[in-house]
Amino acid sequence: MNNIAWRIWLPVAVIAIWQALSSGGVITPLLLPSPITVATSAWGLISSGELLQHIGVSLIRVFEGFSMAAIAGIALGSAIGLWSRFDQTCDWLLQTLKPIPPIGWFPLAVLWFGIGEVSKVFIIFLGAFFPILINVVDGIRQTDQRYIELARVHEIGWWKFFSKVIVPGALPSILTGLRIGIGFAWTCVVAAELIAAEAGIGYLIVDARLTFHADVVIVGMLTIGVLGTLMDLGLRQLDMRLVRWKQPLRTASM
């Protein structure tokens with residue numbers, strides 16, 4: 001089997017079984033509509049432009065929250081990874097905040113920022129921030145000690161040391177953190193858009209649930225999955241271009 005066949009056979013099989021169970025009356029349509037019903041709803045939402053409108057709103061929120069999380073996570077993670085005193089200063093505070101789920105910040109987000117866009121972006125920011133931060137710190141700490149010692153011997157400047165030794169060594173972990181962060185950003189979209197939203201994929205899902213349109217709920221879920229996958233593929237391509245020397249594990253084909 002070629003690569004495409006290996007990738008699509010399982011989704012096709014799941015959809016076929018799902019459709020067979022729906023057609024046979026095994027699955028209640030109100031709870032889990034058939035793939036044909038879901039596809040029809042998706043086409044209707046696309047044709048009317050409603051789905052594209054919701055996608056646009058959510059994309060802007062995810063981009064804003066993820067961008068701020070990436071900047072903050074890389075900057076703070078670099079400082080923690082490079083300076084032990086700064087690490088000791090921040091450690092307890094960050095370790096205390098890290099386990100708190102983004103949804104736990106809802107009440108404060110509303111009190112601080114109201115029910116506008118800022119509170120939604122803040123929730124998405126929190127979801128993406130800690131995965132990026134942790135991977136940046138780990139990447140810096142795992143930099144090959146031989147390169148660090150060599151840089152000290154040659155007495156190179158701080159900025160050259162950071163840009164030529166630390167960044168290349170930490171880059172794989174940083175890009176991994178960005179990939180995980182974008183996934184968490186999309187995960188937080190539904191939670192963020194619970195805050196008095198009037199548009200967005202999360203709003204579409206919640207509104208459809210309230211009106212018992214399970215087909216629209218599934219369309220929204222699949223849309224988030226597809227968008228998250230496309231963004232992850234983009235970051236994966238960036239990873240392959242920037243870290244050409246990294247060789248992925250190749251397992252034997254069956």
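The values are calculated or read from the model by the stated rules, or taken from the named source; none is laboratory data. Because the structure is predicted, anything quoted here is derived from the model rather than measured. Every residue, glycine as well, gets a Cβ built from its backbone with ideal geometry; the counts of neighbours run over all protein chains shown. Surface areas here come from the heavy atoms of the whole protein model, side chains and all, with no ligands, DNA or RNA. Shrake-Rupley method; radii C 1.70, N 1.55, O 1.52, S 1.80 Å.
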- Message: Suppose only helical runs count, i.e. DSSP H with n ≥ 4. What mean residue ellipticity at 222 nm does that imply for the chain under -39500 (n - 2.57) per run, divided by all residues and rounded to the nearest 500 deg cm²/dmol?
- Response: -26000 deg cm²/dmol
- Using the 2.2 N^0.38 Å rule of thumb for compact globular proteins, work out how region 169-250 stacks up: its C-alpha Rg over that value, please. 1.41
- Show me 113-121, 19-27 ranked by packing, highest mean number of other Cβ atoms within 10 Å first. 113-121, 19-27
- Task: Averaging over all projection directions, find the projected area of the Cα convex hull of region 64-142 and quote it in nm² with one decimal place.
- Result: 5.1 nm²
- Task: With only Lys, Arg, Asp and Glu charged, each at its Cβ (+1 for the first two, -1 for the last two), find how big the charge dipole of the chain is about the Cα centre; round to the nearest 20 debye.
- Result: 880 debye
- Task: May I ask you to derive the relative contact order of the chain, considering only C-alpha pairs under 8 Å and at least 6 residues apart, and to give it as an integer percent?
- Result: 24 percent
- How much area per residue is accessible in the chain when the probe is 1.4 Å and only protein heavy atoms are counted (Å²)? 61 Å²
- Task: Could you work out which residue, out of ILE180, ILE100, ILE15, moves most in a Gaussian network model of the chain, that is, has the largest mean-square fluctuation with Cα springs under 10 Å?
- Result: ILE15
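Work the Kirkwood hydrodynamic radius out for region 1-91: mean of 1/r over every pair of different alpha-carbon atoms, inverted, in Å.
For region 1-91, the Kirkwood estimate is 18.0 Å.
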- Query: Does the chain come out rounded, prolate or oblate, given a ≥ b ≥ c as the square roots of the eigenvalues of its C-alpha gyration tensor, rounded meaning a/c under 1.5 and, failing that, prolate meaning a/b above b/c?
  - Reply: oblate
- Considering only protein heavy atoms, what is the solvent-accessible area of ARG236 at a probe of 1.4 Å, reported in Å² to the nearest 10? 90 Å²
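Restricting everything to alpha-carbon atoms, can you work out Rg to Rh for region 56-95 with a Kirkwood hydrodynamic radius?
That ratio equals 1.20.
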